[in-house]
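Undergrad: First the structure, then my questions, so here it is.
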Amino acid sequence: MVSSEASLHYIRQNDMEASKKKKKKTLKVIDNQTGQELTLELHNNTIRAVDLAKLGVTVYDPGFLNTASCISRITYIDGDKGILRYRGYPIEELAEKSTFMEVSFLLLYGELPTSRELEHFTHRVLRHTFLKQSLVDIIKATPKESHPMGLLVSMLAAEGTLYPDANPAISGGDVYNSPRVREKQILRLLGTMPTLAAFVYRHKMGRPFNYPAYGGSRSYTENFMYMLDSMEDPSYRPNATLVKALDTLFVLHADHELNCSTAAVRHLTSSDVDVFTAFSGAAGALYGPLHGGANEAVLRMLERIGSVEKVPAFIEAVKNRKARLMGFGHRVYKNYDPRARIVRKLAYQVFEICGKDPLIEIATTLEEHALKDNYFIERKLYPNVDFYSGLIYKAMGFPTDFFTILFAIGRTPGWLAHWLEYLDDPDKKIARPKQNYLGSDQRSYIPLTQRNSSVKYSTEYVSPAEKRRVNGFAVAKM
Ligand code: CMC
């Protein structure tokens, strides 16, 4: 096995002796340069990357294509088969039979709640929906055209400053050891997320805010829609089918294991920062068009395509890498995203009440063309959850830039469940990836007067407005 090539041979083997006793699986790695051998233990088909360090080897994995950064027991995905389960329960059953509050409880505590637990939990969450006045004042002070996700990022960070007793930076790194403190943060985040979103919406619409009505019999999602739509009428009840549709969308978005924003929650929490700031970072990750912002991007794409006749040309542009088919493709799913199937059905239920959005024809035609085309077949690109969710939100009359904040409400219990799991993880360590340094070796300092510029940079562009300004002058200096 020894050769002059600087390469490693991986040999998957069952350690026969060990497997007889303990069914232990191992992987043998041989450094072809030195001949050094290393036997690595495999747990659930996973090796510990630090074990490779014994050979002086590092794993290079941009985008984490094949790196597990935690052990988790929350959500299972089989991307090839299109399977998604929360705590073992198939998403299809949860979407049909459960409410968002039940699913939140399940994700957080590992089991579906009893009726009593559900009632108690929902009641507690709804009792934490009020926003402190300073947060309301911040929303009022922002321009109406601000993007809701930009506001969410800021509001979550601002909200974190209001609870110094639950902030490790102020009250000590062990503050979250207290179950009472953890619980309070869970209730605050689940409770205030829809209020933040509803107030941002009402601010955008130039309407007075509806404070949450937690005293009555309204469900979580009904209360959210009440805050969005009541015209100062405390008896207002939103349409039950639309409440169910939105609640189901929240269920479908509730968790998706280590997606970019959930990974961000864990990454930020690893520094012991408070949970609101970790959520602010996660909201930032969700905002991106390749992640939660895809629902908004799909809508803008469909509007740009404009008509069914233009679909073939758009597909050609995607294949020629001049455009990206938003709402298609997934890092994990190499099959139809099971959530997309449910969202597609849901869309037609919403259209019954709010009317069919004409863009649905473009979307279904795009899907038909893509699923028949070799470019998409070879790359296993299927519609993901965001392909149809934007159409539902549009049909329900939400502004396009409001879509991703709806996703954020749904993802809140998932972020919280991962936060909880990570706090108790015996492997919790500050996240600090390694780099593969390929920059300059040490060099001698060059004095300013002896330097020759070889750097290309774009600061030479001066805008007409800047030229106008710099051609003015200050009277005081004359
Ligand atoms: N349109 C056209 N080509 C695509 C697309 C797409 N939507 N997605 C992937 N590809 C191609 C990509 O160009 C690459 O081709 P090649 O190997 O020839 O260079 C190949 O498929 C593999 O793609 P990738 O970019 O290496 O895959 P990834 O796992 O890094 O990216 C993704 C996953 C979701 C970012 C990507 O599929 C994408 O950009 N999709 C559109 C945005 C989107 O819908 N995002 C929502 C994801 S689901 C909800 C969520 O996570 O929030």
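The values are calculated or read from the model by the stated rules, or taken from the named source; none is laboratory data. In this text, all values refer to a predicted model and were calculated from it rather than measured experimentally. Here the Cβ positions follow ideal geometry from the backbone for every residue, glycine too, while neighbour counts run over all protein chains shown.
Undergrad: Taking V265, is it among the aliphatic types (A, V, I, L, M) and more than 16 Å from the ligand (Cβ to nearest atom)?
TA: no
Undergrad: Can you pull out the residues in the range 156-199 that are closer than 30 Å to M231 by Cβ and out of contact with any Ser or Thr (no Cβ under 8 Å at 6 or more places or on another chain)?
TA: L187, R188, L196, A197, A198, F199, listed by residue number.
Undergrad: I'd like the residue in the range 280-296 that is free of Cβ contacts under 8 Å to residues at least 60 places away in the same chain and hydrophobic (A, V, I, L, M, F, W, C) and, out of all such residues, is farthest from the ligand (Cβ to nearest atom).
TA: A285
Undergrad: Also, I was wondering about something else. Please verify whether the range 243-255 includes one or more residues that are assigned to a loop (DSSP other than H, G, I, E, B) and within 16 Å of the ligand (Cβ to nearest atom). I'd like the intermediate steps shown before the answer.
TA: The first filter runs over the range 243-255 and keeps only residues assigned to a loop (DSSP other than H, G, I, E, B), leaving 254-255.
Now narrow it down to the ones that are within 16 Å of the ligand (Cβ to nearest atom): 254-255.
Taking every residue of the range 243-255 in turn, at least one turns out to be assigned to a loop (DSSP other than H, G, I, E, B) and within 16 Å of the ligand (Cβ to nearest atom).
Undergrad: Now, a different point. Any idea which of (1) part of a loop (DSSP other than H, G, I, E, B); (2) more than 16 Å from the ligand (Cβ to nearest atom); (3) modelled with pLDDT of 95 or more is the one L420 doesn't satisfy?
TA: All conditions pass for L420, except number (1).
Undergrad: The conditions are (1) surrounded by fewer than 16 Cβ atoms within 10 Å (Cβ to Cβ); (2) more than 24 Å from the chain's Cα centre (by Cα); (3) assigned to a helix (DSSP H, G or I), and I315 fails exactly one of them. Which is it?
TA: Unmet condition: (1).
Undergrad: Checking R331 against (1) under 30 Å from D61 (Cα atoms); (2) away from the ligand (no atom under 14 Å from the Cβ), which single condition isn't satisfied?
TA: Just one mismatch for R331, condition (2).
Undergrad: Which one of these does L371 not meet: (1) in a helix (DSSP H, G or I); (2) within 11 Å of the ligand (Cβ to nearest atom)?
TA: (2)
Undergrad: With (1) within 22 Å of S104 (Cβ to Cβ); (2) out of contact with any Lys or Arg (no Cβ under 8 Å at 6 or more places or on another chain) as the list, and L423 as the residue in question, which single condition is left unmet?
TA: Among (1) within 22 Å of S104 (Cβ to Cβ); (2) out of contact with any Lys or Arg (no Cβ under 8 Å at 6 or more places or on another chain), the lone unmet condition for L423 is (2).
Undergrad: Sort through R300, R344 and tell me the only one that's within 25 Å of the chain's Cα centre (by Cα), more than 27 Å from E92 (Cβ to Cβ) and within 15 Å of the ligand (Cβ to nearest atom).
TA: R300
Undergrad: Okay, next question. Hey, E222 hits all of (1) within 12 Å of the ligand (Cβ to nearest atom); (2) acidic (D, E); (3) surrounded by fewer than 23 Cβ atoms within 10 Å (Cβ to Cβ) but one; which does it fall short on?
TA: Result: E222 passes all but (1).
Undergrad: Check F376, F403, F407, F387 and return the single one that is within 15 Å of the ligand (Cβ to nearest atom) and modelled with pLDDT under 95.
TA: On the way: F376 fails: modelled with pLDDT under 95; F403 fails: modelled with pLDDT under 95; F407 fails: modelled with pLDDT under 95.
Being within 15 Å of the ligand (Cβ to nearest atom) and modelled with pLDDT under 95 holds for just one of F376, F403, F407, F387, which is F387.
Undergrad: Would you confirm whether any residue within the range 153-162 is modelled with pLDDT under 95 and touching a Lys or Arg at 6+ places or on another chain (Cβ under 9 Å)?
TA: No, that holds for no residue.
Undergrad: When you go through S104, S134 one by one, which is the residue that is among the hydroxyl-bearing types (S, T, Y), closer than 16 Å to Y211 by Cβ and touching a helix residue (DSSP H, G or I) at 6+ places or on another chain (Cβ under 8 Å)?
TA: One residue alone meets the criteria, S134.
Undergrad: Determine which member of the set V103, V29 is within 19 Å of the chain's Cα centre (by Cα) and over 22 Å from H267 (Cα atoms).
TA: Only one candidate qualifies: V103.
Undergrad: Filter the range 68-100 down to the residues that are of a type in the set (A, V, I, L, M) and surrounded by 15 or more Cβ atoms within 10 Å (Cβ to Cβ) and list them by number. Quick ask: steps written out before the conclusion?
TA: Filtering the range 68-100 down to residues of a type in the set (A, V, I, L, M) leaves 68, 71, 74, 77, 83-84, 91, 94-95.
Across the range 68-100, the qualifying residues are I74, I77, I83, L84, I91, L94, A95.
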